[in-house]
Amino acid sequence: MFLPQLLAKVEKGEKLAALTCYDAGFARLLAGAGVDILLVGDSLGMTVQGHATTLAVTLDDMAYHTEAVARGATEAGAFILADLPFGAYQEGPAQAFASAARLLAAGANMVKLEGGAVMVETVAFLAARGVPVCAHLGLLPQSVNLTGYRAQARENKAAERLLKDALALEAAGARMLVLEAIPARLAAEVTRNLAIPTIGIGAGPDCDGQVLVLHDVLGLTAKPPRFAKDFMQAAGGLEAAIRAYVEAVKHGDFPAPIHGF
Ligand code: KIV
């Protein structure tokens, strides 16, 4: 699926259901169960490789898993979003373009990068050269050594900065925005102020879509984040769990409203 088809869903008022995905078998299952976006997330550093953070994931790893997901999703034609890993884009636009080109060649439809104002020049460079870019604000897992895994933008000043960053990234050409672990009220405000879709994770129910880590949804994570939900327990089977997640997002039943995060 290409970006215009995905955006058409949002224009119709449909919520986007996204999940992380790292291999061909799950790509087939998730796409077949109606997941709109398969995120080849650098969370694979934790879920697949067993690291404590995403920082060890390489561009080779990302290309390998993106190729596998693209092969698995061919028939259902899901939209594939791939993370640019830590160290593969922070040097500047030229490095970011080379890395993005590798992931697009591997089968991604869009690449995701983390950061606010500091990424504006890179986003503009990529967008002008045919690379669809998803920005990522709030909790930035690649900056975990600075922030820890904690909710972000809870104070007014940080919230104002996040909104400003979101607007700047959109103006630079970002076509989608992931909002992670920020107050629901702020995510709603950002969503109202942007034309591009917002995809929330721990950011309340008012984003244009939701994303979760597959292993959290399937109850495979020892200590899942408190905003996640195990859809496997109630569903009782893999495909039923994925379908339950998609239905809950589409009907606005997940996530439940969060007040004050
Ligand atoms: O890598 C990942 O799983 C992500 C989500 C947390 C959005 O980027």
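Of everything listed in (1) open to solvent by 40 Å² or more (accessible area, probe 1.4 Å); (2) within 14 Å of the ligand (Cβ to nearest atom); (3) closer than 22 Å to residue 17 by Cα, the single unmet condition for residue 80 is (1).
Residues are listed down the side, and each one gets a yes or a no for (1) more than 17 Å from residue 42 (Cβ to Cβ); (2) buried (at least 18 other Cβ atoms within 10 Å of the Cβ); (3) over 16 Å from the mean Cα position of the chain (by Cα); (4) more than 16 Å from the ligand (Cβ to nearest atom):
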site	(1), (2), (3), (4)
155	yes, no, yes, yes
172	yes, yes, yes, yes
176	no, yes, no, no
192	yes, no, yes, yes
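Taking region 186-205 as the range and being without any contact (Cβ under 8 Å) to a residue 60 or more places away in the chain and over 19 Å from residue 225 (Cα atoms) as the test, the residues that pass are 186, 188, 189, 190, 191, 192, 193, 194, 195, 196, 198.
Please go through region 107-144 and give me each residue that is of a type in the set (Lys, Arg) and assigned to a loop (DSSP other than H, G, I, E, B), ordered by number. Outline the logic, then answer.
Of all residues in region 107-144, those of a type in the set (Lys, Arg) come to 112, 129.
129, the sole residue that qualifies.
On the basis of being of a type in the set (Gly, Ala, Ser) and surrounded by 15 or more Cβ atoms within 10 Å (Cβ to Cβ), does residue 87 make the cut? Yes, satisfied.
Give the residues of region 9-29 that are open to solvent by 40 Å² or more (accessible area, probe 1.4 Å) and free of Cβ contacts under 8 Å to residues at least 60 places away in the same chain, sorted by residue number. 9, 11, 12, 13, 23, 25, 28, listed by residue number. If only residues of region 30-49 that are within 16 Å of residue 216 (Cβ to Cβ) and away from the ligand (no atom under 12 Å from the Cβ) are counted, the one that is surrounded by the most Cβ atoms within 10 Å (Cβ to Cβ) is 30.
The values are calculated or read from the model by the stated rules, or taken from the named source; none is laboratory data. Computed from a predicted model, the values in this text were never measured in an experiment. Neighbour counts are summed over all protein chains in view; Cβ atoms, including those assigned to glycine, are modelled from backbone coordinates with ideal geometry. Accessible surface is based on the protein model in full, side chains and every heavy atom, while ligands, DNA and RNA are left aside. Shrake-Rupley method; radii C 1.70, N 1.55, O 1.52, S 1.80 Å.
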